[in-house]
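Here is the structure we will look at.
The values are calculated or read from the model by the stated rules, or taken from the named source; none is laboratory data. Not measured: the values here are computed from a predicted model. Note that we place each Cβ from the backbone using ideal geometry, even for glycine, and neighbour counts take in every protein chain shown. Note: accessible area is taken over every heavy atom of the protein model, side chains too, but ligands, DNA and RNA are not part of it. Shrake-Rupley method; radii C 1.70, N 1.55, O 1.52, S 1.80 Å.
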Amino acid sequence: MTEMAREAAAGFDNAGGTGGQPVLDRLVALLDLEKIEENIFRGVSPAHSPVRVFGGQVAGQALVAAGRTVPEERKVHSLHAYFIRGGDPSVPIVYEVDRIRDGRSFTTRRVVGIQHGKAIFSLSASFQKDEGGIEHSEAMPDVPDPESLPTLQERAEGYFMGHLDRPRPIDLRYVNDPPWVTRKSGDRPARNQVWMRADGKLPDQQLLHVCVLTYASDMTLLDSVLARHGVYWDLDKVLGASLDHALWFHRPFRADEWFLYDSASPTASGARGLATGRFFAADGTHIATVVQEGLLRVV
């Protein structure tokens, strides 16, 4: 497995700004952690990470580590995470799992990601056996079909943004004008809406689909903060990083089918911005909710 993950990391480096099944397969390999001892796992990163490991990758790998210690019939319903230090993409991350509780209905795990002897990431995740109960949800926003929208590459044509010139296992289609466009037009949109899906076919493993959505949930979310102020990564002097991240999973879904990521920023202060997001399957089912606070310094 370790060799597969290393090959996947190299594959990311050689893929440029491409997507498709080969790049998605490399993401799947990166999420397939090596078990090095009971409750201890190891993951690697694509060396193309510019300064630090992508936060969605660390969260996804940590959730894989937690899930490997939980019976398959118990499904993750929430996670709460802190990004403590920037990850070094040149060395593996060791994930230590603490089996906090195994109850009759719920299972709780705590995971710490470690590099160079120091914690870089911590995650708490809760898993639940299937149960019936009351049901309700808000309606999905009225948006165009994803196949009718331009690709990310088409939207970004003519703009120089280095972070978009990397391998992309997730297909993104902006519903509204992306923030690098509204920055120029002077608009200040209150919401950021993006269709997403894994750019290929995923195996039929529910935990993997949840981990891929977790990976994707760290993409575009802080755009909803920046768009309110007409600035954007690479085009302005913006320094940013995810600080904490919380996800609640409401209903089953497939991450290789289209889902809408509808996000907004209720507040920003103290060089921090708060963003909230909702995920909807293409049929309108509310599948997940996310909240993140990010460090955002505009210099």
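Please give the contour-minus-distance gain from H80 to Q205: 0.36 nm per residue of separation, less the Cα-Cα distance, rounded to one decimal in nm.
42.8 nm
Compute the signed sum of charges (Lys and Arg +1, Asp and Glu -1) over the other residues within less than 14 Å, Cβ to Cβ, of R251. Can you show the working numbers first?
On the way: positive: K75, R254, R278; negative: D130, E131, E135, E138, E257, D283.
Net local charge, R251 excluded: -3.
What length, rounded to one decimal in nm, is gained on full extension from D142 through to E37, with 0.36 nm per residue of separation minus their alpha-carbon distance? Numbers along the way, then the final one.
Working: separation 105, 0.36 × 105 = 37.80 nm, distance 4.84 nm.
Contour length minus Cα-Cα distance gives 33.0 nm.
Using a 1.4 Å probe on the protein chains only, how many percent of the accessible area of the chain belongs to carbon and sulfur? Write out the running numbers ahead of the final one.
On the way: 6860 of 13790 Å².
Solvent-exposed carbon and sulfur of the chain make up 50 percent of the total.
Can you tally the lysine pairs in the chain where the Cα-Cα distance is under 26 Å and the two residues are eight or more apart, or on different chains?
On the way: K35/K75; K35/K118; K35/K129; K35/K201; K75/K129; K75/K201; K184/K237.
Value for the chain: 7.
Excluding the sites themselves, what is the longest stretch of the chain that contains no GluC sites (Glu not before Pro) in a DSSP loop with at most 11 other C-beta atoms within 10 Å? Provide the component values of the computation, followed by the final result.
Working: sites that count: E38, E72, E73, E131, E135, E138, E157.
Value returned for the longest uninterrupted segment is 158-299.
Could you point to the residue in G19, S105, Q193 farthest towards the positive end of the chain's charge dipole, with +1 and -1 charges on the Cβ of Lys/Arg and Asp/Glu respectively?
After comparing all options, I get S105.
What is the projected area of the convex hull of the Cα atoms of the chain, averaged over all directions, in nm²? Walk me through the numbers before you get to the answer.
Values: hull surface 61.4 nm².
That works out to 15.4 nm², a quarter of the Cα hull's surface.
Report the gain in length on full extension from S105 to E73: 0.36 nm times residue separation, minus Cα-Cα distance, nm rounded to one decimal. List each step's numbers first, then the result.
Numbers: separation 32, 0.36 × 32 = 11.52 nm, distance 1.08 nm.
Working it through step by step, the gained length comes to 10.4 nm.
With unit charges on the beta carbons (Lys and Arg positive, Asp and Glu negative) and the dipole taken about the Cα centre of the chain, which residue among L202, F253, L243 sits farthest to the positive side?
L243
Just flag the trypsin sites (Lys or Arg not before Pro) in the stretch 200-299 sitting in loop per DSSP whose Cβ has no more than 11 other Cβ atoms within 10 Å.
K201, K237
Summing -39500 (n - 2.57) over the DSSP H runs of n ≥ 4 in the chain and dividing by its residue number, what mean residue ellipticity at 222 nm do you reach, to the nearest 500 deg cm²/dmol? Please report the intermediate quantities before stating the final value.
Details: 7 runs with 65 residues, N = 299.
Rounded to the nearest 500, it is -6000 deg cm²/dmol.
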